[in-house]
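Student: Structure provided below as structure tokens; questions to follow.
The values are calculated or read from the model by the stated rules, or taken from the named source; none is laboratory data. None of these values were measured; they are calculated from a predicted model. So basically every Cβ, Gly included, is an ideal-geometry build from the backbone, and we count neighbours across all protein chains shown.
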Amino acid sequence: MQKLRSIAELERLRSRILRRRNGTKKYVSVCGGTGCHAYKCQDVASALEGEIRRQDMGSRVELKVTGCHGFCERGPLVVIYPEETFYQRVSPADAVEIVSRTVGKGEVIERLLYVDPQKNRVARSEAEVPFYRKQQRIVFGKNGLIDPTNIEDYIAMGGYTALPKALFEMDPEGIIEEIKESGLRGRGGAGFPTYQKWQTCRSAPSRDGVRYVICNADEGDPGAYMDRSLLEGNPHAILEGMIIGARAIDAHDGYVYVRMEYPLAVKNLGVALDQARQYGLLGQNILGSGFDFDIKISRGGGAFICGESTALMASLEGHIGEPRQKHIHTALKGLYGRPTNLNNVETWANVPVIISRGAKWYSKIGTEGSKGTKIFSLVGKVHNTGLVEVPMGITLREMVYDIGGGMRNGKKLKAIQTGGPSGGCIPESLIDLPVDFDELTKAGSMMGSGGMIVMDEGTCMVDMARYFTKFLTEESCGKCVPCREGLDRMLDMLTDITEGRGSEGDLDLLEELGGVIKEASLCGLGGTAPNPLLSTIRYFRDEYEAHVVHKHCPAGVCKALITYSVDEAKCTGCRVCARECPEGAISGEKKKLHVIDPAKCIKCGLCRDLCKFDAILVSWERWEYD
């Protein structure tokens, strides 16, 4: 492995790599993200590799285990290039056919193709799959094309072209100015202008000249895994971005603070760091520029609060992960009391794209106040779930129906929760809302790190607010009174409401309490924690009133407020419900009306799911009839 000492040596290496690669060679890309690992993608890769060897195709075919392709629920995913044939839900047993028919003869295996559930249309390539069609994958796109443990793949795809430009063609002020013109805002949640952090950190006095650069990979939002997938699938993009950022603020030491639950990301990142050092792209005198910079990995302790900047830095220092007051920002006085620049994984991954392709190109993507693209974790009650990278300004309607493929089981859309546990719930009436930092904030939610949960009519919005409040109550560090005591009391009141103990006046008190917690809490966790509650009261107040006043849950979720009974007009006495009831709560003779004993019923809903005659009523339905 050659240590590169100049741009010329880097470009000669790039040319050699490209010459070695046979342009006519086919290659098979197997998704190796954590989601596909759960579907045993390694067994699929091993089967394909063995079959390629058995059929003596090694000289004509290359197998790559890549990072996450995004369409996680359809894994394991396999794409054959250059035809870009897209196969989903592949098993090891499919390897023989894939290699002999598709790789060898160019034939398509119909059963492995994706079928659009809305239009019953078959997609032969990734580009034809509706999930990918409206995406603009400028950051996430390399994930399915490169082996994350092979630096040569990244270099061959144009990686490490922005770094020489930043080191030799631009001064630090010029780099910051380019980031400013691009309009890049932090992708970690707050959406703070990236250049302002960099400029402040560079200008901040340091008693010994030491400054730090940190990558926040402590991604703790339930259902969010954008940063994990970038670190797993394209770690060199994050490293290149951090080196450029370090050059801009004159820092020589960096850290990647990674969530403890991300072992594959840590493994691939560690390999990338070793390779970058061996190639002279990290460490002392990078590419002969005289600039020194190195990066260490620090694994988080499993606390959600450590995603907050000051708590993260306290944890890095070996202290308890608790936030501090920000009357002095971390850009001025952060890690070990030195000026520190903290950005999240996705923000760093955008930096090489901007430096390489230019701020003018980048700023044409997105909206006036939110430039570029954003990666979202699209999950919930839609047909297509996974990671999507879309231009800022795309509407919620496009996310749910065009990319997500619409609602499952013929249900109606009720709300979309954005921004993770501290985000808000946006109602179906705002389905045409553009997705960007400012519009989501106006609607009572926020961008957050990029979580997006789609909910249907079977979701109770009061219970949803209770769930997220419970999560945040458990994850609060407890340092400040408004967050520690306020969230605890908010959870008590929401629990009372979902269990039928709510009283008139609770909603006004909850709104007042939420406002106090937002204004008086020490850090961003408390400052945004009331969002799920306040947004659901704002848009679904009638649902809260049904729980409080009428003691019933319109969605049939809150068990304390529902009872099951049998519709006399529809029951045929088939005895299916009686046989399957786990508690023996249903009785009745064959072909005669059955009865549910409320004292024994655990409200599991199994009888309702099994009844072919729709004869099981839930109390909210009877309440509506009355």
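Student: Is it true that Arg408 is over 30 Å from Met242 (Cα atoms), in contact (Cβ under 8 Å) with a residue 12 or more places away in the chain, surrounded by fewer than 22 Cβ atoms within 10 Å (Cβ to Cβ) and touching a Lys or Arg at 6+ places or on another chain (Cβ under 6 Å)?
Tutor: On the way: over 30 Å from Met242 (Cα atoms): yes; in contact (Cβ under 8 Å) with a residue 12 or more places away in the chain: yes; surrounded by fewer than 22 Cβ atoms within 10 Å (Cβ to Cβ): yes; touching a Lys or Arg at 6+ places or on another chain (Cβ under 6 Å): yes.
For Arg408, the condition - over 30 Å from Met242 (Cα atoms), in contact (Cβ under 8 Å) with a residue 12 or more places away in the chain, surrounded by fewer than 22 Cβ atoms within 10 Å (Cβ to Cβ) and touching a Lys or Arg at 6+ places or on another chain (Cβ under 6 Å) - is met.
Student: Right, another one. Please determine, by comparing only the residues of segment 274-290 that are surrounded by fewer than 20 Cβ atoms within 10 Å (Cβ to Cβ) and touching an Asp or Glu at 6+ places or on another chain (Cβ under 9 Å), which one is farthest from Gly35 (Cα to Cα).
Tutor: Looking at the filtered set, the residue picked out is Gly288.
Student: Just to be sure before I move on: is Tyr154 buried (at least 20 other Cβ atoms within 10 Å of the Cβ), under 18 Å from Ile375 (Cα atoms) and not β-branched (Val, Ile, Thr) in the structure I sent?
Tutor: Numbers: buried (at least 20 other Cβ atoms within 10 Å of the Cβ): yes; under 18 Å from Ile375 (Cα atoms): no; not β-branched (Val, Ile, Thr): yes.
When the stated conditions are applied, Tyr154 does not pass them.
Student: To continue, here is another question. Could you figure out which of (1) surrounded by 22 or more Cβ atoms within 10 Å (Cβ to Cβ); (2) of a type outside the set (Gly, Ala, Ser); (3) out of contact with any Leu (no Cβ under 6 Å at 6 or more places or on another chain); (4) under 18 Å from Gly424 (Cβ atoms) isn't true of Phe471?
Tutor: (1)
Student: Checking the condition in contact (Cβ under 8 Å) with a residue 40 or more places away in the chain and not in a loop (DSSP other than H, G, I, E, B), which residue from Ala555, Ala560, Ala578 passes?
Tutor: Numbers: Ala555 fails: not in a loop (DSSP other than H, G, I, E, B); Ala578 fails: in contact (Cβ under 8 Å) with a residue 40 or more places away in the chain.
Matching residue, one of Ala555, Ala560, Ala578: Ala560.
Student: Moving to a separate point now. Taking into account only those residues within segment 520-544 that are touching a strand residue (DSSP E or B) at 6+ places or on another chain (Cβ under 7 Å) and polar (S, T, N, Q), which is farthest from Val557 (Cα to Cα)?
Tutor: In this case the residue turns out to be Asn531.
Student: Quick one: how many residues across segment 95-110 are touching a residue at least 24 places away in the same chain (Cβ under 8 Å) and assigned to a loop (DSSP other than H, G, I, E, B)?
Tutor: 0
Student: Okay, moving on. Could you please give the count of residues in segment 535-550 that are in contact with a Lys or Arg (Cβ under 9 Å, 6 or more places away or on another chain) and either farther than 16 Å from Ser429 by Cβ or free of Cβ contacts under 8 Å to residues at least 24 places away in the same chain (or both)?
Tutor: Of the residues in segment 535-550, the ones in contact with a Lys or Arg (Cβ under 9 Å, 6 or more places away or on another chain) are 540.
Those still in the list that are either farther than 16 Å from Ser429 by Cβ or free of Cβ contacts under 8 Å to residues at least 24 places away in the same chain (or both) too: none.
Matching residues across segment 535-550 total 0.
Student: Of these, Pro263, Pro323, which one is assigned by TED's automatic domain parsing to the domain that holds Tyr212, under 27 Å from the mean Cα position of the chain (by Cα), under 21 Å from Leu342 (Cβ atoms) and of a type outside the set (A, V, I, L, M, F, W, C)?
Tutor: The match here is Pro323.
Student: Mind listing whichever residues of segment 521-552 are in a helix (DSSP H, G or I), hydrophobic (A, V, I, L, M, F, W, C) and more than 29 Å from the chain's Cα centre (by Cα)?
Tutor: Ala546, Val548
Student: Follow-up. Evaluate segment 478-495: report whether one residue or more is crowded, with 22+ Cβ neighbours inside 10 Å, touching a helix residue (DSSP H, G or I) at 6+ places or on another chain (Cβ under 8 Å) and not in a helix (DSSP H, G or I).
Tutor: No, there is no match, as no residue in segment 478-495 is crowded, with 22+ Cβ neighbours inside 10 Å, touching a helix residue (DSSP H, G or I) at 6+ places or on another chain (Cβ under 8 Å) and not in a helix (DSSP H, G or I).
Student: Still on this structure, please answer the following. Is there a residue in segment 280-294 that is of a type in the set (Val, Ile, Thr), in the same structural domain as Val213 (by TED's automatic domain parsing) and closer than 24 Å to Glu178 by Cα?
Tutor: Filtering segment 280-294 down to residues of a type in the set (Val, Ile, Thr) leaves 286.
Next, from what is left, pick out any that are in the same structural domain as Val213 (by TED's automatic domain parsing): 286.
Next, only the ones that are closer than 24 Å to Glu178 by Cα stay: 286.
Scanning segment 280-294, I find at least one residue that is of a type in the set (Val, Ile, Thr), in the same structural domain as Val213 (by TED's automatic domain parsing) and closer than 24 Å to Glu178 by Cα, so the answer is yes.
Student: If you scan segment 297-323, which residues turn out to be at pLDDT below 95 and part of a strand (DSSP E or B)?
Tutor: If the condition is that a residue be at pLDDT below 95 and part of a strand (DSSP E or B), then Arg299 is the only one that fits.
Student: If you don't mind, there's one more thing I want to ask. Could you pull out the residue among Met399, Met447, Met464 that is of a type outside the set (D, E, K, R), buried (at least 22 other Cβ atoms within 10 Å of the Cβ) and not in a helix (DSSP H, G or I)?
Tutor: None of the other options fit; the residue is Met447.
Each row is one residue, and each column tells you yes or no for (1) in the same structural domain as Val382 (by TED's automatic domain parsing); (2) surrounded by fewer than 22 Cβ atoms within 10 Å (Cβ to Cβ); (3) small (Gly, Ala, Ser).
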position: Gly58; (1), (2), (3): no, yes, yes
position: Arg74; (1), (2), (3): no, no, no
position: Leu77; (1), (2), (3): no, no, no
position: Pro92; (1), (2), (3): no, yes, no
position: Lys105; (1), (2), (3): no, yes, no
position: Leu145; (1), (2), (3): no, yes, no
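Student: Can you tell me which residue is surrounded by the most Cβ atoms within 10 Å (Cβ to Cβ) among those in segment 414-433 that are touching an Asp or Glu at 6+ places or on another chain (Cβ under 9 Å), part of a strand (DSSP E or B) and aliphatic (A, V, I, L, M)?
Tutor: Checking each candidate, the answer is Ile416.
Student: Tell me, which strands (runs of 3 or more DSSP E) lie completely within segment 13-94 with 2 or more residues that are charged (D, E, K, R)? Break it down into steps so the answer makes sense when it comes.
Tutor: Details: elements: 26-31, 61-66, 78-81, 85-87.
In segment 13-94, 61-66 are the strands (runs of 3 or more DSSP E) which contain 2 or more residues that are charged (D, E, K, R).
Student: Do you know which residues across segment 310-335 are within 30 Å of Pro164 (Cα to Cα) and among the polar types (S, T, N, Q)?
Tutor: Hit for segment 310-335 is Thr330, nothing else.
Student: Now, a different point. Being outside any loop (DSSP other than H, G, I, E, B), under 31 Å from the mean Cα position of the chain (by Cα), closer than 22 Å to His69 by Cβ and in contact (Cβ under 8 Å) with a residue 60 or more places away in the chain is the requirement here; does Asp147 meet it?
Tutor: The answer is no for Asp147.
Student: Another question about this same structure. Could we say that Gly369 is on the phi > 0 side of the Ramachandran plot and either assigned to a loop (DSSP other than H, G, I, E, B) or out of contact with any strand residue (DSSP E or B) (no Cβ under 9 Å at 6 or more places or on another chain) (or both) here? Lay out the reasoning, then the answer.
Tutor: Values: on the phi > 0 side of the Ramachandran plot: no; either assigned to a loop (DSSP other than H, G, I, E, B) or out of contact with any strand residue (DSSP E or B) (no Cβ under 9 Å at 6 or more places or on another chain) (or both): yes.
No; evaluated as a whole, the condition is false for this residue.
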